[in-house]
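K.L.:
One structure follows; several queries about it will come next.
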Amino acid sequence: MKDFISLHDITKEELEALLKLALKLKDENKKGIPHPILKGKTLGMIFTKSSTRTRVSFEVGMTQLGGYPLFLSSNDIQLGRGETIYDTAKVLERYLDGIMIRTFAHKDVLDLAYYADIPVINALTDLLHPCQVVADLQTVYEHKGKLEGLKFAYIGDGNNMAHSIMYGCAKAGLNCAIATPEEYACDGDVLENARADFKASGKELIITEDPIEAIADADVVYTDTWVSMGQESEKEERQKIFMPYQVNKELFGYAKDDAIFMHCLPAYRGFEVTEDIIDGKNSVIFDEAENRLHAQKAIMATLMG
Ligand code: CP
Ligand code: NVA
């Protein structure tokens, strides 16, 4: 594993190893046992989109691993003024030990990884958000005691979260159901890859427009914003179309009694989820947010250690 860009590209064993390491690093962290695995190493963090969790958890994670995180806003670096990905990659590899990037076009991350001789970590593109899903799987495991055979339902936009959830569920041996409006279905190429991954895992992938079909007897219920970064101009239209996909008490009632509610955050209460669900007893959103720290430390330690 040179880079961490898509859960479609890694093996079941690699994902299991990341989850095992994340749990170990979390345990050590809670006990105050230091683990300076990346002492003296520097991670460059390129952001062309906003972030709370990703930025803070990568910065703190790198610090806890004994390394140094360098925040690089696209407003401040020459990439934002048109310097090429190629030149950026060839320059940054001379200074850094790894690059984390959050940006719009997925191809930019693929190009950066192709040109740079150092590890590249995808911290969200318009297509995928794999770091989030490693943390999510860690959270499911902690709350359910297993991953294999669970039903994971995702209700809402066929976006970067839906895509990475499909890939992650297939690799980790969960069944997965995705409900989206027809106009906001998942990307065709991602679906094709995901279907192949589910065929290999022997688990079920349900793609539907019916949120009740997706959520029925689910162990995990997940949603995400209806308006992702970069889609702000479509806000009103999206909010109308997505209303039947709101995770509220009635819809959540179709899941198993002990189902957990998850959301990558930031959340918009009253839209994709109601307050009683996201702030209710089944919600594990803050464990999920915390696990970004531990999961990404495992990713950095594996790639850069
Ligand atoms: N879930 C997530 O990636 O949050 P941020 O956008 O705050 O980083
Ligand atoms: N789908 C959301 C996820 C945010 C973490 C977005 O891309 O804005």
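K.L.:
I'd like to verify a number: residues in the range 189-219 that are aliphatic (A, V, I, L, M), in a helix (DSSP H, G or I) and either touching a residue at least 40 places away in the same chain (Cβ under 8 Å) or farther than 16 Å from Lys171 by Cα (or both), how many?
P.N.:
Matching residues across the range 189-219 total 5.
K.L.:
Oh, and also: Criterion first (at pLDDT 95 or above, assigned to a helix (DSSP H, G or I) and within 16 Å of ligand 1 (Cβ to nearest atom)) does Ser51 satisfy it?
P.N.:
So Ser51 does not fit the description; no.
K.L.:
Lys24 fails exactly one of the following numbered conditions: (1) within 16 Å of ligand 2 (Cβ to nearest atom); (2) in a helix (DSSP H, G or I). What is the number of that condition?
P.N.:
So Lys24 meets the others, but not (1).
K.L.:
Something else about it: Could you grab me the full set of residues in the range 134-187 that are under 26 Å from Arg102 (Cα atoms) and among the hydroxyl-bearing types (Ser, Thr, Tyr)?
P.N.:
Residues satisfying the conditions are Thr139, Tyr154, Ser164, Tyr167, Thr180, Tyr184.
K.L.:
Under 8 Å by Cβ, and 6 or more places apart or on different chains, what pairs join a residue from the range 220-241 that is farther than 17 Å from Gly270 by Cα and part of a helix (DSSP H, G or I) with one that is within 16 Å of ligand 2 (Cβ to nearest atom) and at pLDDT 95 or above?
P.N.:
Correct list of pairs: Glu234/Val227.
K.L.:
Restricting the range 253-270 to residues that are free of Cβ contacts under 8 Å to residues at least 12 places away in the same chain and over 17 Å from Ala216 (Cβ atoms), which is farthest from ligand 2 (Cβ to nearest atom)?
P.N.:
Here the residue is Gly270.
K.L.:
Please name all residue pairs, on different chains or six or more residues apart, with Cβ atoms under 6 Å, provided the first residue is in the range 121-144 and is aromatic (Phe, Trp, Tyr) and the second residue is away from ligand 1 (no atom under 14 Å from the Cβ) and not in a helix (DSSP H, G or I).
P.N.:
Tyr141/Leu147
K.L.:
Out of the residues in the range 250-296 that are among the aromatic types (Phe, Trp, Tyr) and in a helix (DSSP H, G or I), which is surrounded by the fewest Cβ atoms within 10 Å (Cβ to Cβ)?
P.N.:
Only one residue fits best here, namely Phe286.
K.L.:
Condition check: at pLDDT 95 or above and in contact with a strand residue (DSSP E or B) (Cβ under 6 Å, 6 or more places away or on another chain). Does Thr223 satisfy that?
P.N.:
Yes, satisfied.
The values are calculated or read from the model by the stated rules, or taken from the named source; none is laboratory data. All of these numbers come straight from a predicted model, not from anything done at the bench. Here the Cβ is made from the backbone with ideal geometry for all residues, glycine too, and neighbour counts use every protein chain on show.
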